[in-house]
Amino acid sequence: MGDDRLGWIFDTPSTDALAARYDHWAESYDADHQTWGWQGPTLTAEALRRHAPSARRILDAGCGTGAAGRALRASGYAGELIGVDLSGGMLARAVDAEYDALIRGSILDLSFRAGTFDGIIATGVFTHGHVGGVAFAELVRVATPEAAISITRRDDISEAFAPFSDALASDGVWRQAEALPITNLHENREDSQQTIVTWITLGSSLNK
């Protein structure tokens, strides 16, 4: 693994390997991100709460060790909170984060009915070597109309996500409500230029 854990994760050849690498990293994951000054969970939780202040059921898609869940609870969110992640090792570290349920699985194939959540958060997911923009449609499917979906998105590969987000906007599935200025969300690293984007779902065949 060496010292460049993010590079090691970004260069994962398959979904199974990605889960295994996160299992291996789980024990030191939070300490590493604290060292790097990871602001994604806190700022994305603030964005989601800003756009979905009355949310009653939130999905943390790719919840990892539960940083976004903790940030949501710290912000005052008291509703139902469900976390999903590929890695059992990461989920084991999230058990103290006040989730109502933690589920091992892929956000490309969520085990929820359409229209289940009125808020969705995803931090550190839309990055190198992970799910890609194809996951947007599945997040919309499990969202209610007028739900807020807030994510972190790497700037250096934003063009790869654009066709997927733009297609959903063109089809009237969602609208972009906010894109915060691009910033170094790992404030102590120089290679983490990202933004936080929030969409509002509009209701479509994806969630009927």
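Details
- Restricting attention to the chain, close to 45% of DSSP beta bridges with both partner residues there are antiparallel.
- Most mobile listed residue (121, 149, 157) in the chain, GNM with C-alpha springs under 10 Å: 157
- Proximal charge balance of residue 127 [Cβ under 9 Å; K/R count +1, D/E count -1]: +2
- Computed log₁₀ I(q)/I(0) - Debye formula, equal Cα scatterers, no solvent, the chain, q 0.10, 0.15 Å⁻¹: -0.37, -0.89
- Total charge dipole magnitude, the chain, about the Cα centre, Cβ charges on Lys, Arg, Asp, Glu only, Debye to nearest 20: 740
- Taking every C-alpha pair closer than 8 Å and separated by at least 6 residues, the mean separation divided by the residue count of the chain gives a relative contact order of 22 percent.
- Straightening the chain between residue 14 and residue 108 buys 32.4 nm, computed as 0.36 nm per residue apart minus the Cα-Cα spacing.
- Calculated mean residue ellipticity at 222 nm for the chain: -10500 deg cm²/dmol, from DSSP H runs with n ≥ 4 weighted as -39500 (n - 2.57), summed, divided by the residue count and rounded to 500.
- Protection proxy ranking of 104-116, 69-81 - average other beta-carbon atoms within 10 Å, highest first: 69-81, 104-116
A short reminder: the numbers here are calculations on the coordinates, not readings from a lab. Only a predicted model underlies this, so the values are computations on that prediction, with no experimental measurement involved. Cβ atoms come from the backbone with ideal geometry, glycine included; neighbour counts cover every protein chain shown.
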